[in-house]
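A quick write-up on the structure given underneath.
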Amino acid sequence: AQSVTQLDSQVPVFEEAPVELRCNYSSSVSVYLFWYVQYPNQGLQLLLKYLSGSTLVKGINGFEAEFNKSQTSFHLRKPSVHISDTAEYFCAVSDSTGGGNKLTFGTGTQLKVEL
Amino acid sequence: EAGVAQSPRYKIIEKRQSVAFWCNPISGHATLYWYQQILGQGPKLLIQFQNNGVVDDSQLPKDRFSAERLKGVDSTLKIQPAKLEDSAVYLCASSLGTSSYYEQYFGPGTRLTVT
């Protein structure tokens, strides 16, 4: 069974400051990792994904994440946040066993960017 | 390109009543997913279709929930009878196929309140 832990339920940060949102996963097989963003009253939008290859992946809106297999982590970072980055961020894992592409999500981290 | 469409956007019902949600995926997407997102939690997969066949319904409470995708395009999720704990946002997503290499695109969701 696979699971995702997002330890920080809320992260307040000032505009133009850097931010890191933490994600740890557990899985018994090779994994694929994702970060999604959810704005109020909207569905989820894919920020970035790790499937294979380089452990540093870059996504939309200036976000990046690093896959660390030894620490089973996939932390999301942005060097300088904007007020428009205020949203809920979800880390997810998939292993495609059984051909299902089933995503298991963490509980989310609310990023609040303040002026 | 039109996104995933869902209706209604909001629904309020009393417990023991029935309710149905509709989803129209992105044109050409063979795989369709229904997720349940309870307040403060990440989305949880309820059921996944590949064309008009069920790939995974292991987390669908089959005593009260049902879903169909008869013609392999749009889909309906039904709850009968509803319980208070069914209050949640129901998200529909679609992808080209079942591989994790295919991005899942999410609709805006239907917010259900059971009183």
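Tabulated values for the structure
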quantity	calculated
Cα convex hull of the range A:3-114 - mean projected area over all directions, nm²	6.8 nm²
Interatomic Cα distance distribution for the protein assembly as shown, bins of 5 angstrom, percent	1, 7, 14, 18, 19, 16, 12, 7, 4, 1, 0
In Å², nearest 10: area of residue A:60 left accessible to a 1.4 Å probe	60 Å²
5 angstrom amide H check on residue B:47, placed H, neighbours 5+ away	B:34
Additional length obtainable on full extension of the chain from residue B:17 to residue B:84, 0.36 nm per residue less Cα span	23.1 nm
Computed accessible area, residue B:68, all protein chains, 1.4 angstrom probe, square angstrom	80 Å²
Reachable lysines, given that their alpha-carbon falls under 28 Å from the alpha-carbon of residue B:11 and they are not under 8 places away in the same chain	A:102, B:44, B:62, B:71, B:78, B:83
Estimated vicinal HN-Hα couplings, Hz - the range B:58-73 in sequence order (Karplus 6.51, -1.76, 1.60; Gly, Pro = x)	5, 10, 8, x, 6, 6, 9, 9, 9, 8, 9, 9, 4, 9, x, 10
Under 17 Å from residue A:69, Cα to Cα: aspartates and glutamates that are on another chain or at least 8 residues apart	A:95
Over the range B:1-65, relative contact order from alpha-carbon pairs under 8 Å, at least 6 apart, %	21 percent
Size of charge dipole - the protein assembly as shown - debye, nearest 20, with Cβ of Lys, Arg +1 and Asp, Glu -1, no other charges	600 debye
GNM flexibility winner over chain A from A:49, A:78, A:102 (Cα, springs under 10 Å)	A:102
Inter-centroid distance (Cα atoms) of the range A:24-48 relative to the range B:63-100, Å	20 Å
Probe 1.4 Å, all protein chains present, accessible-area order of B:21, A:14, largest first	A:14, B:21
Residue-span extension gain [residue A:58 to residue A:22] - 0.36 nm each, minus C-alpha spacing	11.4 nm
Within 10 Å of each Cβ in A:43-52, the average number of Cβ atoms from other chains	4
Relative contact order of chain A, defined on C-alpha pairs under 8 angstrom at six or more residues apart (%)	36 percent
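The values are calculated or read from the model by the stated rules, or taken from the named source; none is laboratory data. Model, not experiment: these values are computed from the prediction. Backbone-built Cβ (ideal geometry, glycine too); neighbour counts: all protein chains shown. Heads up: the accessible areas ignore ligands, DNA and RNA and are worked out on the full protein's heavy atoms, side chains in. Shrake-Rupley method; radii C 1.70, N 1.55, O 1.52, S 1.80 Å.
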